[in-house]
1. Please work out if residue 115 is without any contact (Cβ under 8 Å) to a residue 60 or more places away in the chain, under 23 Å from the mean Cα position of the chain (by Cα) and outside any helix (DSSP H, G or I).
2. Which pairs have Cβ atoms under 9 Å, sit 6 or more apart or on different chains, and link a residue in segment 157-171 that is touching a residue at least 40 places away in the same chain (Cβ under 8 Å) to one that is assigned to a loop (DSSP other than H, G, I, E, B)?
3. In this structure, does residue 110 turn out to be out of contact with any helix residue (DSSP H, G or I) (no Cβ under 9 Å at 6 or more places or on another chain), assigned to a helix (DSSP H, G or I) and surrounded by fewer than 19 Cβ atoms within 10 Å (Cβ to Cβ)?
4. Looking at residue 132 and the list (1) outside any helix (DSSP H, G or I); (2) closer than 24 Å to residue 46 by Cα, which single condition is not satisfied?
5. Tell me which of these residue 120 doesn't satisfy, since it passes every other one: (1) part of a helix (DSSP H, G or I); (2) touching a helix residue (DSSP H, G or I) at 6+ places or on another chain (Cβ under 8 Å).
6. Can you tell me which of 171, 189, 185 is within 27 Å of residue 110 (Cβ to Cβ) and either modelled with pLDDT of 85 or more or out of contact with any strand residue (DSSP E or B) (no Cβ under 9 Å at 6 or more places or on another chain) (or both)?
7. Can you name the condition, by its number, that residue 101 falls short on among (1) without any contact (Cβ under 8 Å) to a residue 60 or more places away in the chain; (2) over 30 Å from residue 129 (Cα atoms); (3) part of a helix (DSSP H, G or I)?
8. Looking at segment 66-87, is at least one residue touching a residue at least 12 places away in the same chain (Cβ under 8 Å), surrounded by 16 or more Cβ atoms within 10 Å (Cβ to Cβ) and closer than 24 Å to residue 179 by Cβ?
């Protein structure tokens with residue numbers, strides 16, 4: 001469904017407060033690891049970092065999307081079952097964004113083992129004094145455990161294809177960019193806006209409505 005992509009973008013945007021907690025320290029540390037350069041050169045390296053991270057997200061989304069479609073095809077099962085799961089995940093993410101339930105953070109433990117194996121390679125790319133190093137570090141940064149990333153990745157299972165899964169994760173990654181690229185005063189202002197109850201609850205409500213709508217569509221076609 002085309003509307004999945006704006007929803008994924010919204011999840012990334014609203015969930016980027018969590019990104020600042022998880023990755024804010026990394027962003028600050030990487031700023032110090034960059035040699036003395038102009039502001040625009042540092043911005044270029046930051047964008048390459050994010051491009052690398054989004055590349056990893058899109059790759060994971062493609063793999064998961066392909067796996068979901070293939071598994072359902074081999075099992076002779078309807079993709080609607082995965083759409084049902086996707087709807088439930090959307091409701092869970094809405095509760096997370098509204099800060100009413102933080103169960104998604106439990107998913108972060110699943111990726112800790114992989115991250116411990118990847119992290120040493122990222123240190124070899126420091127200092128970030130070239131474009132290839134920045135992009136390479138971003139590729140590895142995409143492995144950092146994050147419950148919101150894993151939930152969106154699980155949602156990619158129901159995308160129906162590798163390309164759709166990749167686009168879903170790419171949309172999510174683009175939503176996280178403002179908070180991480182404009183890290184500093186502007187990011188703080190953005191975070192304050194997202195912390196406003198009216199803003200957070202309104203966005204979470206829209207996401208929950210879409211989640212329940214997805215569940216209803218899947219159940220209607222499965223039952224009837």
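1. On the way: without any contact (Cβ under 8 Å) to a residue 60 or more places away in the chain: yes; under 23 Å from the mean Cα position of the chain (by Cα): yes; outside any helix (DSSP H, G or I): no.
No.
2. Here the result reads 158/79; 160/79, each pair linking segment 157-171 to a residue that is assigned to a loop (DSSP other than H, G, I, E, B).
3. Numbers: out of contact with any helix residue (DSSP H, G or I) (no Cβ under 9 Å at 6 or more places or on another chain): no; assigned to a helix (DSSP H, G or I): yes; surrounded by fewer than 19 Cβ atoms within 10 Å (Cβ to Cβ): yes.
It is false that residue 110 is out of contact with any helix residue (DSSP H, G or I) (no Cβ under 9 Å at 6 or more places or on another chain), assigned to a helix (DSSP H, G or I) and surrounded by fewer than 19 Cβ atoms within 10 Å (Cβ to Cβ).
4. Only one criterion is unmet by residue 132, namely (1).
5. Only one criterion in (1) part of a helix (DSSP H, G or I); (2) touching a helix residue (DSSP H, G or I) at 6+ places or on another chain (Cβ under 8 Å) is unmet by residue 120, namely (2).
6. Numbers: 189 fails: within 27 Å of residue 110 (Cβ to Cβ); 185 fails: within 27 Å of residue 110 (Cβ to Cβ).
Exactly one of 171, 189, 185 is within 27 Å of residue 110 (Cβ to Cβ) and either modelled with pLDDT of 85 or more or out of contact with any strand residue (DSSP E or B) (no Cβ under 9 Å at 6 or more places or on another chain) (or both), namely 171.
7. (3)
8. There is no residue in segment 66-87 that is touching a residue at least 12 places away in the same chain (Cβ under 8 Å), surrounded by 16 or more Cβ atoms within 10 Å (Cβ to Cβ) and closer than 24 Å to residue 179 by Cβ.
The values are calculated or read from the model by the stated rules, or taken from the named source; none is laboratory data. Quick caveat, the model's predicted, so the values are computed rather than measured. Methodologically, a virtual Cβ is constructed for each residue, glycine included, from the backbone with ideal geometry; neighbour enumeration extends over all protein chains shown.
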